Structures are given as C-alpha cells and as structure tokens.
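The values are calculated or read from the model by the stated rules, or taken from the named source; none is laboratory data. Here the structure is a predicted model, which is why all the values come from computation and not from measurement. Virtual Cβ from ideal backbone geometry, glycine too; neighbours counted across all protein chains shown.
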C-alpha cells in the first residue's frame, strides 16, 4: 500500500510494479499533481527551487513562464498514464492501525484496506505551520498562510508583513512588493543567501544533514532550510530595491500591525505567514512510531520500530532532490520484507 501520489509516492509505485509487488496507491486529491497542484498561479516554473525527474521519464524543458502548478501536475498525470499506476482517488486515509494478524488495517473515508506493508508519502502540504504570538487573535486585518496564498493581486495597495525565512517567503515578498503599499520582512534568523547556481552536490549535502536528524529520532528540518536562499532574478531585483532588508521577529501582534519590545511598531493590513509545513502523519498515530525526541527514528526510509512502515517525502526525502530515490529505496525494502515474510510462512 502506498499512501499519497506526489513525487515520492509515484516513484514508490513505479518501482513496486518494477519489482513485481502488488499494491494500490490511495491519493486524497481528486486529480494528479501532489502538492504542486496547490501552488499559487504566479509561481512560474522558472522560479522554483528545482524539480527532479521521475523514473525513466524526464521532465524535459517546458516553458518556464508557465505556472509550476500546471506544468508539474501535467507531468505527474502523464507519468501515471504512461506507467498505468494503480491509483485510487480521491481517498482520504484516516488511520493506519494493527489488524491483529501481523497485517495493517488502513481506514479511509471510502472503506478499509488490509496491507502487509505501507509506504507513506503524504508529504506536508496538509499541515501548514502557524506559529503563535501574543495578540494574534486581536489583529483586525487579514492573516493567511502561504498554503492559501493565490498571488500578489490580492495584496495590491495593502501594507503587508511577510513572516518567514524560506524560499516561499522571498518569492512571495518579491512579487507582493511590486503592488503593495508597503512590505516588511520578518524572520527569526538572519537570512543566508546562496549566490550562484544550485548544484546537485549541494542538494546531496543538504539531504545528508537532514538524514542525520531523522536517524537520531529527531524531528526533521527542511531540506531547503539548510541549502540557503537562492537568488533568483526576481529576488535579486527585489534586493536591489531594498525589499529584502529583514527585521528580527516581532514580539506581539496588535490590532493594527506588529510590535517589538523596543517600541518599534509596523502598521499592517495583511500578515502572510510563510512559516512552512509539518509532516502529515496523524493517521499513523495508532502505531506509536514517535521516539522520545519527538521525531520518528529512521534507517533510510524504514521506520526502525516497525519495518512494515516506510516514510518517503519525509525528512531527507521531503523535496524533489530525494523523493525519487526514496521511492525506489522503499519499494526495494518492501519487496525484500515481503519475501522474508513468505519464507517464514512456508
């Protein structure tokens, strides 16, 4: 069983079929595209951090001026069709629990499935992270997360505070600043800019750093968070205009804006929380997989306390840098696990 049909889930399904492992893929979305289908329309393909190819089907060189949501969704859909992957959608998984006979019971809004192993590829999109600050509920303007952001047009003429130090924050800030009355960028830490192209070895090094954490049972950090902020042409232009001058994190939200303990006050009509996402794993809670450190102790894609469960699109594979490789690794380990189970039952 594969849960989720983003890049990691599609890769896992492809390799399970290659290895001759019968399976189904349950996807909560009504159409192909994974989290990419939800990206805001003004996020053009040429502005994204990077998209790595699915197995044996290169993305090629599509028009970089097109919305990334359209291009990647079309690419995923074509991959599904070409490989005739066994995807069932829309199906929302509500829990995975012990069945009592060594197998797993997968409970969904469309019935129940029984599985001998689960490759979980639910990603993070459904769990946007909203930090909590004093006075947040008193704000009289609009607050939204980048998960709900639809483009700069809705910010025209507004005073906007963008919170967050990742690529989504800088991408949104660059385009919002062209139409907003005023913008303020706030981050917890000073930004670290990565000048020059993002090379494959840079991605591999970042993945290795995140892998160290999940092997220790700690909550993963973002792969993008350890690569530094890329300077796209739009971001470079915004830096030249002085838009990317950040302020440290404010101490409280007030009805008409945000404030710091030193008395600084910034009026705002909108607060955009570009504060990232957390792994969408609540449906696995009945299996009690979490370690004392708050994360899930991993060995590659395999959950150490339960080798029937593999997490792809989690930790070091929570980006296109590692998703395809993780799908292949998980499929191979599931194949070997099922072979061992068959020998034991003989």
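Could you say which residue among 235, 161 is crowded, with 20+ Cβ neighbours inside 10 Å, farther than 30 Å from residue 21 by Cα, modelled with pLDDT of 70 or more and out of contact with any helix residue (DSSP H, G or I) (no Cβ under 8 Å at 6 or more places or on another chain)?
Only one candidate qualifies: 161.
Which of (1) surrounded by fewer than 23 Cβ atoms within 10 Å (Cβ to Cβ); (2) within 27 Å of residue 172 (Cβ to Cβ); (3) out of contact with any strand residue (DSSP E or B) (no Cβ under 6 Å at 6 or more places or on another chain) is the odd one out, the single condition residue 322 does not satisfy?
(1)
Filter region 48-75 for residues that are out of contact with any helix residue (DSSP H, G or I) (no Cβ under 6 Å at 6 or more places or on another chain) and part of a helix (DSSP H, G or I) and give the result.
Matches in region 48-75: 70, 74, 75.
Looking only at strands (runs of 3 or more DSSP E) that lie completely in region 80-175, which have at least 2 residues being on the phi > 0 side of the Ramachandran plot?
Those strands (runs of 3 or more DSSP E) do not exist here; none qualify.
Yes/no per residue for (1) under 15 Å from residue 276 (Cβ atoms); (2) touching a residue at least 24 places away in the same chain (Cβ under 8 Å); (3) surrounded by 14 or more Cβ atoms within 10 Å (Cβ to Cβ):
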| site | (1), (2), (3) |
| --- | --- |
| 131 | yes, yes, no |
| 138 | no, yes, no |
| 144 | yes, yes, yes |
| 169 | yes, yes, yes |
| 174 | no, yes, yes |
| 179 | no, yes, yes |
| 186 | yes, yes, yes |
| 189 | yes, yes, no |
